[in-house]
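What follows is one structure encoded as C-alpha cells, with my remarks underneath.
The values are calculated or read from the model by the stated rules, or taken from the named source; none is laboratory data. Predicted model only: the values in this text are computed from it and were never measured. So basically every Cβ, Gly included, is an ideal-geometry build from the backbone, and we count neighbours across all protein chains shown. Keep in mind that these areas ignore ligands, DNA and RNA; they rest on the heavy atoms of the full protein, side chains included. Shrake-Rupley method; radii C 1.70, N 1.55, O 1.52, S 1.80 Å.
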Amino acid sequence: MRIDVVSIFPEYLAPLRLSLLGRAQTDGILELEVHDLREFTSDRHRTVDDTPYGGGAGMVMKPEPWALALEAVLAAQTARRHPGQGDARQGDPRQSDPPTLIVPSPAGEVFTQSLAYELAEEPTLAFACGRYEGIDERVLEWAAPRFRVRPVSLGDYVLNGGEVAVMAMVEAIGRLLPGVVGNPESLVEESHSDGLLEYPVYTKPSSWRGLDVPEVLLSGNHGRIAKWRREQQLRRTASRRPELLEGVDASQFSGGEREVLRELGYGVDDSGRLARA
Ligand code: ADE
C-alpha cells in the first residue's frame, strides 16, 4: 500500500517510521510519503493560511497550496494505481476508480475498526492534515471528482490538527496489511475484531502480590478457557461499552452466552436482536 500525507508539520509523522510500521516500510509492504504543504507555496513567507471570510476567530488554510499538493499526490498515486498507463490518467477528474482522500476532522464520520479494515484494502490512501480553523471548503469541492473524499473523525473531541489523527489511522490500517503483524491470529482475538472488547490477559508469575491468575487459565482445558474468555468479553463489553451490544444479532451467541447476557440485563427482541431489558 502507498500512503501520502500532506501536512505543515511533516516531522509530526516521524513516529510512523518506527516499530512494526517502520519494518513494513523496510520490507516494502508499506510506502509512506509525507509532503510538506509549504513546499507548494510560491510567496516568500510560504504562507498557508489567511483570515476567514465572514469574520471570526482563527485562520483558514488557503486553497492554492492544497490543490498543488494534492495534484502531486494524485500524480504519484495514479502511477501506482494504474501501472503501465503512463501519464494518460494523471489529474483526470473523471477517474472511474479515484483514490481515497481522508480529511481528518472532528466534523467527519467516526473512525472504527471496520473502516480500518475497509481502507486496508485500498492500493493507495491520501491524508490531508488541516490546522487552524480548517481548510477552505472549496478544496474538498475541487477534490471531490478527483478523489473519494472522506472527512473522518477520531472521536468526539478536538485536536490541534489532523496529524495525531493520521498517526492513529495509519497505525490502525497499516497493522492490518498482510505481513505487518507477525502472528495474524492476534488480529482475530483483539478488541473490536468481532464487535466485542478483548478479554483480560495474564502472564507469569501465576501469583503476584497476592493476586492470582484465574484458575481456568492454568487448567490446560482449551474448551473451558475459550468459554471463559468469551464470557469475559461479554461482561467487559456490557460494563464498559454497553452500546456495542445493543441491536446485535443474538443468533451469534450460544445458549450459555445468552444466559450470561440475560444476567447482564440484555434480552432478545422480536427481530432477534439484543436489547437492554
Ligand atoms: N482534527 C481535530 N480534531 C480531530 C478529531 N477529533 N478527529 C480527527 N481530526 C481532528
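What the table shows:
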{"read-out": "Residue among Pro104, Pro65 that alone is open to solvent by less than 60 Å² (accessible area, probe 1.4 Å), modelled with pLDDT of 95 or more, closer than 15 Å to Gly130 by Cα and more than 22 Å from the chain's Cα centre (by Cα)", "value": "Pro65"}
{"read-out": "Count of the stretch 76-85 residues which are under 26 Å from the mean Cα position of the chain (by Cα) and either outside any helix (DSSP H, G or I) or over 20 Å from Leu30 (Cβ atoms) (or both)", "value": "1"}
{"read-out": "Tally, over the stretch 152-178, of residues that are assigned to a loop (DSSP other than H, G, I, E, B) and either within 11 Å of the ligand (Cβ to nearest atom) or modelled with pLDDT under 95 (or both)", "value": "9"}
{"read-out": "Candidate set: the stretch 142-151, residues that are surrounded by 15 or more Cβ atoms within 10 Å (Cβ to Cβ) and part of a loop (DSSP other than H, G, I, E, B); chosen: the one farthest from the ligand (Cβ to nearest atom)", "value": "Arg146"}
{"read-out": "Helices (runs of 4 or more DSSP H) contained entirely in the stretch 185-277, each with at least 2 residues that are loosely packed, with under 11 Cβ neighbours inside 10 Å and at pLDDT below 95", "value": "185-188"}
{"read-out": "Of all residues making up the stretch 68-101, the number that are at pLDDT below 90, open to solvent by 50 Å² or more (accessible area, probe 1.4 Å) and of a type in the set (Asp, Glu)", "value": "2"}
{"read-out": "Any pair with Cβ under 6 angstrom, 6 or more apart, that starts in the stretch 1-23 at a residue that is closer than 23 Å to Gly182 by Cβ and ends at one that is open to solvent by 30 Å² or more (accessible area, probe 1.4 Å)", "value": "Arg2/Glu31; Arg2/Arg80"}
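So that you can scan it fast, the table gives a plain yes or no per residue for (1) in contact (Cβ under 8 Å) with a residue 60 or more places away in the chain; (2) touching a Phe, Trp or Tyr at 6+ places or on another chain (Cβ under 7 Å); (3) more than 16 Å from the ligand (Cβ to nearest atom); (4) not aliphatic (A, V, I, L, M):
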site	(1), (2), (3), (4)
Pro98	no, yes, yes, yes
Leu101	no, yes, no, no
Glu109	no, no, no, yes
Tyr117	no, no, yes, yes
Pro123	yes, no, yes, yes
Ala126	yes, yes, no, no
Arg131	yes, no, no, yes
Glu137	no, no, no, yes
